[in-house]
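Engineer: Could you have a look at this structure, given as structure tokens, before my questions?
The values are calculated or read from the model by the stated rules, or taken from the named source; none is laboratory data. Since this is a predicted model, take the numbers as computed values, not measurements. Glycine gets a Cβ as well: all are built from the backbone with ideal geometry, and neighbour counts include every protein chain shown.
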Amino acid sequence: MNSKQSHRSEETKKAILSAAGKLFASKGYDTVSMREIAKQANCSHTTIYLYFKDKETLLHQLSMPSLTHLKQKMQAIVQLDAKMPEDKLKEISNQFIHFCLNNKNLYTIFINVKSTRIDEQKPKLEINQLRLEIFSIMKNVLGECLSLPNNDQLLAYSRIFFYNLYGILSTYSYQHEPTEELLERLIPTFELSLEILISGFKSNLKLSEEKQ
């Protein structure tokens, strides 16, 4: 393949990914067909299969780079030994909020589509393995905050923590103000909710210990 053909091929691939992202965001992953994506990308319904064998492949190509970058940022924060666990939890959570608000139209696709249970041991899809690794980073840091081992109680608290985080994002993700202005308003509220959650978890743990 010469350079001109290679460039054209790369442009076609980018057009297909862009079309898939727009259609998944506007219509939902399950309702969009490969034929619709091909039409949106201005290529034939046979050409699209030269680049992507199915919608699942498109989902991976769209999601994996962004999720991998998020994971790397979160890992870098966790590795900062000088920070207290509560500060690490705030920072990795803020990274997650930034990620979702910077991908307002697609973050639900990145996080939810074809997802599995968070306690799944060996998910079949690579994207679900990555999603679970991101959740595990949050869970492990929360465990440090609460001095809890990796047990069912920590999993339950981590679910509650994630529900709170995701609920805040769902509330604000349709706001049309610039992302940075929204973050400036949102982060203090989230950090307060995080402090309240951790305080509540610690109180619950203390009550459980007193009952034993």
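Engineer: Go through (1) part of a loop (DSSP other than H, G, I, E, B); (2) touching a residue at least 40 places away in the same chain (Cβ under 8 Å) for residue 42 and report which single condition fails.
Structural biologist: (2)
Engineer: Would you confirm whether or not segment 65-73 contains a residue that is more than 22 Å from the chain's Cα centre (by Cα) and either closer than 30 Å to residue 180 by Cα or of a type in the set (Ser, Thr, Tyr) (or both)?
Structural biologist: Within segment 65-73, none of the residues are more than 22 Å from the chain's Cα centre (by Cα) and either closer than 30 Å to residue 180 by Cα or of a type in the set (Ser, Thr, Tyr) (or both).
Engineer: Go through (1) buried (at least 17 other Cβ atoms within 10 Å of the Cβ); (2) part of a loop (DSSP other than H, G, I, E, B); (3) out of contact with any Leu (no Cβ under 8 Å at 6 or more places or on another chain) and name the single condition residue 114 misses.
Structural biologist: Single failed check for residue 114: (3).
Engineer: Is it true that residue 203 is assigned to a helix (DSSP H, G or I), hydroxyl-bearing (Ser, Thr, Tyr) and modelled with pLDDT of 85 or more?
Structural biologist: Answer is yes for this residue.
Engineer: Something else about it: Are any of the residues in segment 149-165 of a type in the set (Phe, Trp, Tyr), surrounded by fewer than 17 Cβ atoms within 10 Å (Cβ to Cβ) and assigned to a helix (DSSP H, G or I)?
Structural biologist: The answer is yes, given that some residue of segment 149-165 is of a type in the set (Phe, Trp, Tyr), surrounded by fewer than 17 Cβ atoms within 10 Å (Cβ to Cβ) and assigned to a helix (DSSP H, G or I).
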